[in-house]
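Report on the following structure.
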2 protein chains.
Amino acid sequence: MKRPTLEAVAARAGVSRATVSRVVNGSATVNPRIRTVVLRAVEELGYVPNPAARSLVTQRTGSIGLVVSEPPARVFSDDPFFSLVIRAVSQELEAADKQVVLMMASSPAGYDRVERYVAGRHVDGVILLSQHGSDPLPTALVRTGVPVISHGRPVSTTRPPYCDADNVGGARAAVEHLLARGRRRIATITGPVDMSAGLDRLAGYRELMSGSGRRSLVAVGDFTRDSGVAAMSQLLEDDPGLDAVFAASDLMAIGALRALRRAGRRVPDDVAVVGFDDIEAARFTDPALTTVRQPIAEVARTIVRMLLDGVEEGAEPVVLPTELIVRDST
Amino acid sequence: MKRPTLEAVAARAGVSRATVSRVVNGSATVNPRIRTVVLRAVEELGYVPNPAARSLVTQRTGSIGLVVSEPPARVFSDDPFFSLVIRAVSQELEAADKQVVLMMASSPAGYDRVERYVAGRHVDGVILLSQHGSDPLPTALVRTGVPVISHGRPVSTTRPPYCDADNVGGARAAVEHLLARGRRRIATITGPVDMSAGLDRLAGYRELMSGSGRRSLVAVGDFTRDSGVAAMSQLLEDDPGLDAVFAASDLMAIGALRALRRAGRRVPDDVAVVGFDDIEAARFTDPALTTVRQPIAEVARTIVRMLLDGVEEGAEPVVLPTELIVRDST
DNA sequence: CTGAAAGCGCTTACAG
DNA sequence: CTGAAAGCGCTTACAG
């Protein structure tokens, strides 16, 4: 069962290959009568254009690479954030009739593979997700000449254009809220300190703390629940009198809740807890979690638009506002 | 900045295009000395093969489509199960040096788009995830002639080869455990009844209940937390004396825990709860959740192997064992 | 082991 | 508006 080619359709319709090509690609300059005949032939033969042949001549593929730069053990691990981002991005891309090629990279071999793939022009553009400080990919990919947009502020020396949520502002709002609630000894559990989301949320916290003349109390986490448990236990040991904690992710906040429960602290009576992300699970904790919501879909939409609009290196980044969602944990 | 072609490399190395092609593709029949020269030229020019040209002649693309057939609102919503599966599958695929094209389909337009893409031979094979009863995609994709393997038992009339976890056995083990713990009025919260995972887990429950001469007590859910809350409330209304519930997903079990808490029932004292999946969150509920673990990575590995081995329609399905993980909720 | 040549299936100036 | 023809960048029998 060989697939019919343009040639076959042309023969059947009694026209040239060029004409069939024009009809298939929706060119305006085709006689309506002929168009109808060609369309019928396409239909009858079940013709579907060969994408390889097409992109060989057009030099475009219609695909966009979504590069997730993470230890594979974590990427999708259990963190809904990535999932939500990936869904939002791919939805936007498909609305623009682009296919999404999902690439995970987490090892030198993985970086190589992704770089080769992009350099080989398998994709017309790349969206970079979740980069860490040591990540060689932003630089390598920008060097291929393929358009690159970063999801989240890049930490690499190469700075592709990016869109991000307002992490600093969100953290600020969280701490402000805690202060307004009368909390005085406010700790934070940070994200990975080699990622901009981790860094920026910490910066927002520190800014407000030092601005109000208070001492920072910091424990480092990595966005996972388990790290939230460990960090909270550590904080309790460092300052048993703390009365609030701002966790840089909801997952870590969930871990913190568990550590607090184990330590016999009541939330929010003894310790208030604020998370970040507003994943669905935040509504299901006991007590329900106060958290900072990110405009995930909007960031995705913006990134796709930037990529399709051909935004160049050096362009102004776009930073979208976050929103504090107050529930029962504060 | 034009990309160098095979031609350019050949010129630089002083050999024919055919020879360069052989070297690049690792053909054994090349004089080692020549190979070295060619490799140097490739290096100096930064040559990367053009995939479109290559696949135009080889008729292969090196890509595998991962088709997720779900309302976009749910796919990645907050359910880590999909994420875990997608990660596992793409890891296996990349180990086999295949690229992963992620395709979400949830509307007639989406189905069409996916079908055209596959029919256009953008991919060498397709893995089908999460089909619902009314899903036209299995049939449409099988008809394209592209190899299709299903993740999970298909519910369509067309039956592509598949690999699945032992859903029936897992449900059976959950109910057996509940019976062994002395529970007598055991309810279940089902998954969507147009999906095989929902159907099979319900079948396992029913089988054991009727086998032990008990009446089934069923509420329908859709795998989400919210549906777990609603279903549990319903069950409590239907039979206030129930002493156990088997939820067909951990997320629904989490919802059930919340509904039970609200209703003033203690877990496990008044009501024992068992989930299904063993996602990470199951360790963080209060009390920690007893659940049925699925071999997600193993299923993924098997599916990829089946696809690459060219398993044909009509082949024996592979069903992998599940395992009961006992924690504090029973 | 190597090269000349055909051919994969399209698109797109260029004429007419 | 339509067609003949060149060309996109590879791979692979086929000779030698």
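Can you name the condition, by its number, that B:ALA52 falls short on among (1) part of a helix (DSSP H, G or I); (2) surrounded by fewer than 17 Cβ atoms within 10 Å (Cβ to Cβ); (3) among the small types (Gly, Ala, Ser)?
For B:ALA52, the exception is condition (2).
Only one of B:GLY221, B:GLY241 is of a type outside the set (A, V, I, L, M), away from chain A (no Cβ under 14 Å) and within 15 Å of B:ARG201 (Cβ to Cβ); which?
Result of the check over B:GLY221, B:GLY241: B:GLY221.
Confirm whether A:PRO240 is open to solvent by 20 Å² or more (accessible area, probe 1.4 Å) and in contact (Cβ under 8 Å) with a residue 12 or more places away in the chain.
No, not satisfied.
Do we have any residue at all in the range B:21-34 that's within 8 Å of DNA strand C (Cβ to nearest atom), at pLDDT 90 or above and among the small types (Gly, Ala, Ser)?
Yes, that holds for at least one residue.
Got at least one residue in the range B:79-87 being facing another protein chain (nearest Cβ under 9 Å) and assigned to a loop (DSSP other than H, G, I, E, B)?
Yes, the conditions are met somewhere in the range B:79-87.
Hey, could you check the range A:33-54 for residues that are within 12 Å of DNA strand D (Cβ to nearest atom) and more than 30 Å from A:VAL123 (Cβ to Cβ) and say which is nearest to the other protein chains (Cβ to nearest Cβ)?
Result: A:VAL38.
With respect to B:ARG214, determine if the residue is part of a helix (DSSP H, G or I) and open to solvent by 40 Å² or more (accessible area, probe 1.4 Å).
Taking the combined requirement at face value, the residue does not satisfy it.
Could you pull out the residue among A:ALA109, A:ALA105 that is within 13 Å of chain B (Cβ to nearest Cβ), open to solvent by 50 Å² or more (accessible area, probe 1.4 Å) and at negative phi?
On inspection, the qualifying residue turns out to be A:ALA109.
Say we look at the range B:304-330 and pick out the residues that are of a type in the set (A, V, I, L, M) and touching a Ser or Thr at 6+ places or on another chain (Cβ under 8 Å); which of these is nearest to the other protein chains (Cβ to nearest Cβ)? If you could, list the steps in order and put the result at the bottom.
The first filter runs over the range B:304-330 and keeps only residues of a type in the set (A, V, I, L, M), leaving B:304, B:306-308, B:311, B:315, B:318-320, B:324-326.
Applying the additional criterion that residues be touching a Ser or Thr at 6+ places or on another chain (Cβ under 8 Å) yields B:318, B:320, B:324-326.
Values: B:VAL318: 23, B:LEU320: 20, B:LEU324: 20, B:ILE325: 15, B:VAL326: 19 Å.
Ranking the qualifying residues of the range B:304-330, first place goes to B:ILE325.
Looking at the range A:61-68, can you tell me whether even one residue there is surrounded by fewer than 17 Cβ atoms within 10 Å (Cβ to Cβ), in contact (Cβ under 8 Å) with a residue 40 or more places away in the chain and either over 15 Å from the mean Cα position of the chain (by Cα) or within 16 Å of DNA strand D (Cβ to nearest atom) (or both)? Outline the logic, then answer.
First, the residues of the range A:61-68 that are surrounded by fewer than 17 Cβ atoms within 10 Å (Cβ to Cβ): A:62.
When the remaining residues are screened for being in contact (Cβ under 8 Å) with a residue 40 or more places away in the chain, the result is A:62.
Checking which are either over 15 Å from the mean Cα position of the chain (by Cα) or within 16 Å of DNA strand D (Cβ to nearest atom) (or both) leaves us with A:62.
Within the range A:61-68, one or more residues are surrounded by fewer than 17 Cβ atoms within 10 Å (Cβ to Cβ), in contact (Cβ under 8 Å) with a residue 40 or more places away in the chain and either over 15 Å from the mean Cα position of the chain (by Cα) or within 16 Å of DNA strand D (Cβ to nearest atom) (or both).
May I ask you to list the residues in the range B:137-178 that are out of contact with any strand residue (DSSP E or B) (no Cβ under 8 Å at 6 or more places or on another chain) and closer than 15 Å to B:ASP124 by Cα?
B:ARG143, B:THR144, B:GLY145
Out of A:ASP166, A:ASP97, A:ASP135, report the one residue that is more than 10 Å from chain B (Cβ to nearest Cβ) and either open to solvent by 40 Å² or more (accessible area, probe 1.4 Å) or under 22 Å from B:GLY62 (Cα atoms) (or both).
Values: A:ASP97 fails: more than 10 Å from chain B (Cβ to nearest Cβ); A:ASP135 fails: either open to solvent by 40 Å² or more (accessible area, probe 1.4 Å) or under 22 Å from B:GLY62 (Cα atoms) (or both).
None of the other options fit; the residue is A:ASP166.
Are there any pairs with C-beta distances below 8 angstrom linking a residue in the range A:4-32 that is within 14 Å of chain B (Cβ to nearest Cβ) to a residue that is near DNA strand C (Cβ under 8 Å from one of its atoms) and aromatic (Phe, Trp, Tyr), with the two at least 6 apart or on different chains, and if so which?
Listed by first residue and then by second, the contacts come to A:PRO4/A:TYR47; A:THR5/A:TYR47; A:LEU6/A:TYR47; A:VAL24/A:TYR47.
Do we have A:ARG3 as at pLDDT 85 or above and not small (Gly, Ala, Ser) here?
It is false that A:ARG3 is at pLDDT 85 or above and not small (Gly, Ala, Ser).
Out of A:LEU235, A:LEU289, report the one residue that is away from chain B (no Cβ under 14 Å) and in contact (Cβ under 8 Å) with a residue 40 or more places away in the chain.
Details: A:LEU289 fails: away from chain B (no Cβ under 14 Å).
Answer to the selection: A:LEU235.
Which strands (runs of 3 or more DSSP E) sit wholly inside the range A:248-330 and have at least 3 residues that are open to solvent by less than 20 Å² (accessible area, probe 1.4 Å) and at pLDDT 95 or above?
Filter on the range A:248-330 gives A:272-277, A:290-293.
Filter the range B:10-26 down to residues that are within 8 Å of DNA strand D (Cβ to nearest atom) and part of a loop (DSSP other than H, G, I, E, B) and give me whichever is surrounded by the fewest Cβ atoms within 10 Å (Cβ to Cβ).
The qualifying residue surrounded by the fewest Cβ atoms within 10 Å (Cβ to Cβ) is B:ASN25.
The values are calculated or read from the model by the stated rules, or taken from the named source; none is laboratory data. Remember, predicted model here, so these are calculated numbers, not experimental data. We place every Cβ from the backbone using ideal geometry, glycine too, and count neighbours over all the protein chains shown. Only protein heavy atoms, including side chains, enter the accessible area calculation; ligands, DNA and RNA are left aside. Shrake-Rupley method; radii C 1.70, N 1.55, O 1.52, S 1.80 Å.
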